[in-house]
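The structure under discussion appears below in the form of structure tokens.
Where a number appears in this text, it was derived from the coordinates with a stated rule and is not lab data. Treat the numbers as computed from the prediction; the structure is a model and nothing was measured. Cβ sites come from the backbone with ideal geometry, for glycine too, and all protein chains shown count toward neighbours.
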Amino acid sequence: MRAPDLGTFRRVSRELSTYRRKRDPRRTPEPVPAASTPLPRGNNDTFVIQEHHATALHWDFRLERDGVLVSWAVPKGPPTDPATNHLAVQTEDHPLDYAGFSGEIPKGEYGGGSVTIWDRGTYECETWTDREVKVVLHGEQVSGRYVLFRTKGKNWMMHRMDPPPEGFAPLPQLVRPMLAVLRDAVPHDDDAWAYEFKWDGVRAMVYVEGGRPRVLSRNDRDVTGSYPELRAMAEGMGSTQAVLDGEIVAMDADGRPSFGELQSRMHVTNPAQVRTLMRQTPVTFLAFDVLHLDGRSLLDVPYRERRAVLDSLELAGPSWQTPPFFEGGGEAVWAASKQQGLEGIIAKRLDSRYYAGKRSDCWLKLKNLRTQEVVIGGWKPGEGRRKGAIGSLLLGVPDDDGLHYVGHVGTGFTDKMLRELERDLAPLRRDDPPFAGVVPRPQAKDAQWVDAQLVGEVAFSEWTREGRLRHPAWRGLRPDKSVDEVVRES
Ligand code: MN
């Protein structure tokens, strides 16, 4: 006997003709019962959630009902947080046998891609109408009361009605990066520290949810569209929710991170342009920290443990890696970084928490190349080949009184950089210097002044006693940094 329904449910006659029409049993390993087979009688108490890496990753949520599995595709998976509802698109009813299916649906077939059972268990039904389905799930991954309610056509929303599991922290929307203090020597208590290589790229905070990445720059700009390489990493993480801290780098011909190479990727958001640039200048994401994982904040957790959690994610792929860290032995790591032509090292206290948005002396940077962020306050026309075009840039660093002139830079540019600078500086022109103090007369002569809005970076040998950069060389623009973040670093 079929188990009696609770309450006043409308009896719907179920059938699998749509399911069959979409599939050829000779081409797919999915169960395809013959049309003549009557629907089995079940207990209306099985649920299954399958992770389906099809064209777009989604989770298929299926509830046994009247001899079939009534099904929804949930792009982000079932919500853990009652504050966040997830879209669930109803799909065709599936046969009951599908609850045990996992495997590879061949490419080109309907739903082509891999299917795994993400969770399976029993459920109790509280309400079932064509607009609302209320259930209590008893699974390994998911337990609790859920409601699905129809919004429009095939679109439903899935909502968790129970409070989240104890200690649950929702995925944060914004975690600002922790910053390091510049030092010129390895700390004395060497074995209290971990050492990582410093990667010459741009900082990226990557939020992964529902197999999709959201990438924020250091100054909280959404740059997801500029770096599609990260999509495959996020998809590979499945239902894992995480906030990763790391660096996006472009490699030069010798396989070393090159800030110059990365310049071409930093501005671009147009999808067609990004696709072309991805082939010319591919980037790699180096994940060096994890700040949130599956409902748990890791900000208070010591560095050593965060690194263990990060390693457990096994992030290694064609465009993403987990770079090494070394416990103690700072001098040797620093020497190795010089030998390999890297930018320097970062020392991180093994027992330190993550200070989001703060510059903390629990993280120290030791550079092989001295660099300084600068604000462009004007430019001077060149001579010879660069006549009429930019010959040098007039640079400042803000202090309490305003923009302080720190020198001019006339080397380190490529032709492409100069063209882009001309384009970016033209709309910023103004009549008077944006500097607070006096600019020496030889530099002020013939200068074209601009609003102090563009941040760049120079390498240099030392600060002069007058507070000027000695031997500066241009490294590139820093659209990931804002003017008010620029400080004299040493
Ligand atoms: Mn599916």
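Can you work out the PRE-style zone for ASN155? Point 7 Å along Cα to Cβ, and I want the residues of region 125-145 with backbone N under 15 Å.
Those under the cut-off are none; the list is empty.
Show me, for region 242-258, the HN-Hα J-couplings you get by feeding each phi into the Karplus relation (A = 6.51, B = -1.76, C = 1.60, θ = phi - 60°), rounded to Hz, glycine and proline as x.
8, 10, 10, 10, x, 10, 9, 10, 10, 9, 8, 4, 8, x, 9, x, 10
I want to check the label-to-label distance for ARG386 and ASP254. Put each point 7 Å from Cα in the C-beta direction and report it in nm to one decimal.
According to this spin-label approximation, the distance is 2.4 nm.
Extent of region 404-490 along each principal axis, from alpha carbon coordinates, in Å, largest to smallest?
Here the spans come out as 34, 26, 25 Å, largest first.
Expressed as a rounded percentage, what relative contact order does the chain have, with Cα pairs under 8 Å and six or more residues apart?
In percent, rounded to a whole number, it is 11.
For the chain, take the longest principal axis of its alpha carbons; what is the angle in degrees between that and the long axis of helix 330-339, to the nearest 10 within 0 to 90?
Between helix and principal axis, roughly 80 degrees.
Per the Kirkwood formula on distinct C-alpha pairs, the Rh of region 119-180 is how many angstrom?
Over region 119-180, the inverse of the mean reciprocal pair distance is 14.1 Å.
Can you give me the pair-distance distribution of region 1-153, C-alpha pairs, 10 Å bins, whole percents?
Result, from short to long distances: 10, 42, 36, 11, 0 percent.
Hey, which of these cross-link pairs are over 28 Å Cα-Cα: LYS76/LYS152; LYS367/LYS387; LYS198/LYS358; LYS22/LYS152; LYS76/LYS348; LYS387/LYS481?
LYS367/LYS387; LYS76/LYS348; LYS387/LYS481
Only helical DSSP H runs with n ≥ 4 go in: add -39500 (n - 2.57) per run for the chain, normalise by residue count and round the 222 nm mean residue ellipticity to 500 deg cm²/dmol.
That comes out to -3500 deg cm²/dmol.
Evaluate the relative contact order of region 418-490 (contact order divided by residue number), counting alpha-carbon pairs under 8 angstrom at least 6 apart; express in whole percent.
25
Starting from the coordinates of the alpha-carbon atoms of the chain, obtain the Kirkwood hydrodynamic radius over all distinct pairs and give the value in Å to one decimal. Before the final figure, lay out the partial values.
Working: mean 1/r = 0.0381 Å⁻¹.
Averaging 1/r across every pair of different Cα atoms and inverting gives 26.2 Å.
Between VAL487 and SER461, what FRET efficiency follows from the Cβ-Cβ distance if R0 is 22 Å, with the result rounded to 0.05?
Efficiency for this residue pair is about 0.70.
Please report Rg over Rh for region 323-450, where both radii come from the alpha carbon positions and Rh follows the Kirkwood definition.
On the Cα set of region 323-450, Rg over Rh gives 1.11.
I'd like to compare 18-27, 343-352, 361-370: which one has the highest average count of other Cβ atoms within 10 Å, and what's the full order after that?
Descending packing order for the listed peptides: 343-352, 361-370, 18-27.
Could you tell me the extents of region 40-95's C-alpha atoms along the three principal axes, largest first, rounded to whole Å?
Result for region 40-95: principal-axis Cα extents of 35, 28, 15 Å.
So what's Rg/Rh here for region 81-125, counting alpha carbon atoms and using the Kirkwood radius for Rh?
Taking Rg over the Kirkwood Rh, I get 1.02.
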